[in-house]
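What follows is a single structure, written as structure tokens, with notes after it.
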Amino acid sequence: MMDVGRHPRIELLAYSEIEQISGYVGNFHARVRRRARFVDEKECTSCGECEKVCPVLVPDEFQMGLSLRRAIYKPFPQAVPSAYLVDIAHCLGNNPIACAKCVDRCDKGCIDFDQQDQIVELDVGVVIVATGMDVYDPTALDEYGYTRYEDVITSMEFERLISAGGPTEGHLIRPSDRQRPQRVAFIQCVGSRSPARGNPYCSNICCMNTIKDSLLLRDHYPDIDITVFYMDIRAFGKGFEDMYRRSRESGVRYIRGLPGEVKREEDGTLVLTVENTTANRIERHEADLVILSVGGIPRQESEPIRQLLSLSRSSDGFFLEAHPKLRPVDAPSKGVFFAGCAESPKDIKDSVTQAGAAAARAQILLNKDYITLEAITALVHPEKCTSCGLCARVCPFSAIVWEKKQPARVIEAACAGCGTCAAECRFGAIEMRHFSDAAIQEQVAAMLDVPNTGDVIVAFACNWCSYAGADLAGTSRLQYPPTARLVRTMCSGRVSPAFVWQAFQQGAPVVLVSGCHFADCHYIDANRQTVRRVDGLWDALEHAGVRPERLQLEWVSAAEGQKWAQVMQELERLRATVTAEEIAHTRQSLAGAKVPNPKAWKEGRGPASFRCMRCGHTWQQDYDPFRDERLCPACRSNSVRWMG
């Protein structure tokens, strides 16, 4: 941090936050609010005299609330810039001035209560998101007694206790009586690997952090008794297994099983009841100090950044990278990169590695005079545009500029070519280069230009996931019926209702729309628009007297070749139920019928009823259409219709 603060080509804006980011790759504009510190950071020598006279005491966030700080303080010893700031929410010397002792004490006159927030405007070429992560709050796990017993602490609080710069200057004590504990227990996976109470994912760092702490305690207090309760020890990195072995050899006991409850005896002893799954028995263990090894969770304060940069999140809530193998530090939005725990929980080594990769990717981009785009971007025909603005609303990258009474305009540098805008446009004003409406409609027409259209299943497949999943099924020699004819699109969001309508009008017995899972969409949230359109098509087909079950929707990832084969087998069974008379009736019913519009969705979570279009199962649940992927609990199909 000191090197960053002194670097002549790095401008460090501490105590600041991003308020707005606009633009696109190579041409971002950021508005930053520099919060008033009420201390001149250039003049402050960090002597600490002001802190000595401040009468206000509040919990110290850096010390996890284990000690107190003043209203004028330095966030932590190594803070950059090395200057004090005023916590104006607790200070007594402002509006009106009732104290001002720090002002009188400061010889250099660095304290100024008239300071105001400053707005800084920046023009930048790329953005690196390194917002980090938060730690899980174990308050909800009442069986561990975190809020009831002082001697039950988290691993973060433990780190401050054993730090030389901590509230006890590195001496381990029990918070209840300030005595050194003789028996210490670590409980692993608190808030991790528990879908019911916590998070379903592994937080990566907890196991090795506990192993490191156990060796540190053994080194400082050779007579201390240490017990680690774990589900699985995941020592996967270089040298990690050796560290785990050294911890066991030093006398640390590892018991496979998580305590069911922690109770406190009258003498202050904590009693842990646990099922030892290795010995297959229930055991009771006593401890003077219990440490909860809490996992990492997505940083809550990063949500505004996600919205400003049109980022997407994976199912665990962390930011989703463009591709887990080929572009692991790139965001789906061009010119945006990830570093550290913003993308997933990781240790210092992996964070540094990813930060270096992000810096290298940013430098490669900034060194170019021009950027190269794939020739699949959207093109607006102004003479056809009605200035309705629907395309701008559904664009996941904010690549369409629209103003009232003005034709829409595409920023090609920001356009990723997903085609969602073209599918949303009801007037044919947007053309996708190399994936035009005419080209796709000609493919559908050619597929159904056969003597018996009842033998053909028309399947629209997303380039990145379901098309790749079908390809994997083929290369894996998985057997499935040959009746499917695939139309490749860059995204399922490119599938216009007109394409599906045309397929049924020309005699298709079954139509499949497929794409990425909600958490894997390469175009942020474009596949949400796919579901809106399929909802509208199901309603329209039913209204026209056509079985809506003949239109299916499935999410298939690039690694799910087996699922693709299974879906094709199920669709073949569905196709066999469609008679020639039913196909003729469909053609007659849809002849000249207007292409249906997408179904309107309301944002927010609420009760909803569903019906599976595969097996017919019905159920109710709380549902947020923009966040929750629909999945039938009976047959695991994604062909789920929202009934209301």
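Every residue in segment 117-151 that is surrounded by 13 or more Cβ atoms within 10 Å (Cβ to Cβ) and closer than 30 Å to Ala414 by Cβ, please. Passing the criteria: Val120, Leu122, Val124, Gly125, Val126, Val127, Ile128, Val129, Ala130, Thr131, Gly132, Met133. Screening Ser315, Ser310, Ser302 for residues that are open to solvent by less than 10 Å² (accessible area, probe 1.4 Å), of a type in the set (Gly, Ala, Ser), more than 24 Å from Thr147 (Cβ to Cβ) and at pLDDT below 95 leaves exactly one candidate, Ser302. Scanning segment 25-40 for residues that are touching an Asp or Glu at 6+ places or on another chain (Cβ under 9 Å), under 15 Å from Gly125 (Cα atoms) and surrounded by 15 or more Cβ atoms within 10 Å (Cβ to Cβ) gives Phe28, Ala30.
Taking the criterion of being open to solvent by less than 10 Å² (accessible area, probe 1.4 Å) and of a type in the set (Asp, Glu), the only residue of segment 204-221 that qualifies is Asp213. Inside segment 614-634, can you point out the residues that are open to solvent by less than 70 Å² (accessible area, probe 1.4 Å) and either closer than 16 Å to Asp535 by Cβ or part of a strand (DSSP E or B) (or both)? Listed by number, the residues that qualify are Arg614, Trp619, Tyr623, Asp624, Pro625, Phe626, Asp628, Glu629, Arg630, Leu631, Cys632. When restricted to residues that are in a loop (DSSP other than H, G, I, E, B) and within 26 Å of Glu17 (Cβ to Cβ), segment 308-330 contains 11. Can we say Ala279 is in contact (Cβ under 8 Å) with a residue 24 or more places away in the chain and either among the aliphatic types (A, V, I, L, M) or touching a Phe, Trp or Tyr at 6+ places or on another chain (Cβ under 8 Å) (or both)? No; evaluated as a whole, the condition is false for this residue.
Can you spot a residue in segment 210-223 that is free of Cβ contacts under 8 Å to residues at least 12 places away in the same chain and at negative phi? Yes, segment 210-223 contains at least one residue that is free of Cβ contacts under 8 Å to residues at least 12 places away in the same chain and at negative phi. For the structure I just gave you, tell me whether Pro77 is modelled with pLDDT of 95 or more, open to solvent by 70 Å² or more (accessible area, probe 1.4 Å) and not hydrophobic (A, V, I, L, M, F, W, C). It is false that Pro77 is modelled with pLDDT of 95 or more, open to solvent by 70 Å² or more (accessible area, probe 1.4 Å) and not hydrophobic (A, V, I, L, M, F, W, C).
Tallying residues that are free of Cβ contacts under 8 Å to residues at least 60 places away in the same chain and either surrounded by 20 or more Cβ atoms within 10 Å (Cβ to Cβ) or farther than 21 Å from Tyr254 by Cα (or both) within segment 180-203 yields 4.
Scanning segment 41-71 for residues that are of a type in the set (Asp, Glu), assigned to a loop (DSSP other than H, G, I, E, B) and either touching a residue at least 40 places away in the same chain (Cβ under 8 Å) or surrounded by 13 or more Cβ atoms within 10 Å (Cβ to Cβ) (or both) yields a count of 3. All conditions but one from (1) touching an Asp or Glu at 6+ places or on another chain (Cβ under 7 Å); (2) assigned to a helix (DSSP H, G or I); (3) of a type outside the set (Lys, Arg) apply to Asn204; the one that does not is (2). Summed over segment 224-240, the residues that are in contact (Cβ under 8 Å) with a residue 60 or more places away in the chain and crowded, with 17+ Cβ neighbours inside 10 Å give a count of 1. Filter segment 360-403 down to the residues that are under 30 Å from Phe338 (Cβ atoms), among the β-branched types (Val, Ile, Thr) and not in a loop (DSSP other than H, G, I, E, B) and list them by number. Residues satisfying the conditions are Ile364, Val394, Ile400, Val401.
Among (1) of a type in the set (Gly, Ala, Ser); (2) within 16 Å of Val495 (Cβ to Cβ); (3) modelled with pLDDT of 95 or more, there is one condition Gly428 misses while meeting the rest; what is its number? Every condition holds for Gly428 apart from (3). Restricting to segment 448-458, name every residue that is touching a residue at least 60 places away in the same chain (Cβ under 8 Å) and among the hydrophobic types (A, V, I, L, M, F, W, C). Correct list: Leu448, Ile457.
Closer than 21 Å to Met490 by Cα and among the aliphatic types (A, V, I, L, M): is that true of Ala339 in this structure? The answer is no for Ala339. Scanning segment 241-255 for residues that are buried (at least 17 other Cβ atoms within 10 Å of the Cβ) and closer than 19 Å to Ser203 by Cα gives a single hit, Tyr244.
In this structure, Ala526 does not satisfy being in contact (Cβ under 8 Å) with a residue 12 or more places away in the chain, within 26 Å of Ala416 (Cα to Cα) and in contact with an Asp or Glu (Cβ under 9 Å, 6 or more places away or on another chain).
Does Phe113 qualify as being open to solvent by less than 50 Å² (accessible area, probe 1.4 Å) and in a loop (DSSP other than H, G, I, E, B)? It is true that Phe113 is open to solvent by less than 50 Å² (accessible area, probe 1.4 Å) and in a loop (DSSP other than H, G, I, E, B). The single condition among (1) open to solvent by less than 30 Å² (accessible area, probe 1.4 Å); (2) at negative phi; (3) in contact with a strand residue (DSSP E or B) (Cβ under 9 Å, 6 or more places away or on another chain) that Lys263 does not satisfy is (1).
Looking only at segment 588-613, which residues are open to solvent by less than 60 Å² (accessible area, probe 1.4 Å) and part of a loop (DSSP other than H, G, I, E, B)? Correct list: Ala593, Val595, Pro596, Pro598, Lys599, Trp601, Gly604, Met613. The sole residue among Ser333, Ser344 that is outside any strand (DSSP E or B) and open to solvent by 20 Å² or more (accessible area, probe 1.4 Å) is Ser344.
The values are calculated or read from the model by the stated rules, or taken from the named source; none is laboratory data. Note that the structure is predicted; figures quoted are calculated from it, not measured. Neighbour counts are summed over all protein chains in view; Cβ atoms, including those assigned to glycine, are modelled from backbone coordinates with ideal geometry. Please note that ligands, DNA and RNA were not included when accessible areas were found on the heavy atoms of the full protein model with its side chains. Shrake-Rupley method; radii C 1.70, N 1.55, O 1.52, S 1.80 Å.
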